[in-house]
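Notes follow once the structure below has been shown.
The values are calculated or read from the model by the stated rules, or taken from the named source; none is laboratory data. Here the structure is a predicted model, which means the values were calculated and not measured. As a convention, Cβ positions derive from the backbone with ideal geometry for all residues, glycine included, and neighbour counts pool all protein chains shown. When the accessible area is computed, the model is the full protein with side chains, heavy atoms only, and any ligands, DNA or RNA have been set aside. Shrake-Rupley method; radii C 1.70, N 1.55, O 1.52, S 1.80 Å.
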Amino acid sequence: VSKYSHDKFMEFFENEKNHFENVIVEYVNHFSQACWSDANGQQKFEDLLWNHWIIPIDPAIKEQSHELFYDFQVNPFWNEEIWGKIDWYDQKDASCAFFDNKSKNIAIDIFCSEKDKYQFQVFERKNSAKPTGIDWIQSIPNLTRKGSRLESQLLSRQEITEVLENLMK
């Protein structure tokens, strides 16, 4: 909450502590204020998210993702002229590979979500003069819309390799 809201709530909180057992109440400066960049601003907000909300990715899941991505790079079905190179997003909360189809204006993210369960997301690139790839996306079986993205069901390593191999053709 904001500093003002925090101070007002703390007045109430002092009288009702027994109802808030194990609840952490913190504040950060509002992002529109000049002080957003000080120690109680942006960095504190990010630290609170990492400490209380974002769960770091399991190292075993990260390793499985890396193995799968390596397999894609050396697999004969990979066609860099069509799909471009594989890029990596590798942070403490997630690990995924992403790549673009150069002619269809789409991108695919692939990640491991749990032991031997993989998923891919497909979405259109925005602000591009290239033709739309939505028809191609809609032809992929077992996709579910999630906002601007469509995502696959959870698949085993063998299943996701087969699905992606078919998409690469």
Item to check | Failed criterion for Thr132 (all others in (1) more than 21 Å from the chain's Cα centre (by Cα); (2) of a type in the set (S, T, N, Q); (3) assigned to a strand (DSSP E or B) hold) | outcome: (3)
Next on the checklist: I need the full set of residues from segment 114-169 which are over 19 Å from Glu67 (Cα atoms) and in contact with a Ser or Thr (Cβ under 7 Å, 6 or more places away or on another chain), in order please.
Outcome noted: Phe123, Glu124, Asn142, Leu143, Leu150, Glu151
Checklist entry - Is segment 20-27 home to any residue that is hydrophobic (A, V, I, L, M, F, W, C) and at pLDDT 80 or above? => result no
Checklist entry - Within segment 69-88, can one find any residue that is touching a helix residue (DSSP H, G or I) at 6+ places or on another chain (Cβ under 8 Å), of a type outside the set (Asp, Glu) and farther than 30 Å from Thr132 by Cα? => result no
Next on the checklist: I'm checking my understanding of the structure. Among residues of segment 45-99 that are part of a helix (DSSP H, G or I) and aromatic (Phe, Trp, Tyr), which one is farthest from Thr161 (Cα to Cα)?
Outcome noted: Phe45
Checklist outcome for this item: Within segment 68-107, the residues that are of a type in the set (Asp, Glu) and either open to solvent by less than 70 Å² (accessible area, probe 1.4 Å) or within 30 Å of Trp53 (Cα to Cα) (or both) are Asp71, Asp87, Asp90, Asp93, Asp100
Checklist entry - In this structure, is Asn22 free of Cβ contacts under 8 Å to residues at least 24 places away in the same chain, open to solvent by 90 Å² or more (accessible area, probe 1.4 Å) and outside any helix (DSSP H, G or I)? => result yes
Item to check | Only listed residue being of a type in the set (Lys, Arg), under 13 Å from the mean Cα position of the chain (by Cα) and either within 29 Å of Ala60 (Cα to Cα) or modelled with pLDDT under 85 (or both), chosen from Arg149, Arg125, Arg157 | outcome: Arg149
Item to check | Restricting segment 25-45 to residues that are closer than 24 Å to Phe13 by Cα and of a type in the set (D, E, K, R), the residue that is most open to solvent (accessible area, probe 1.4 Å) | outcome: Glu26
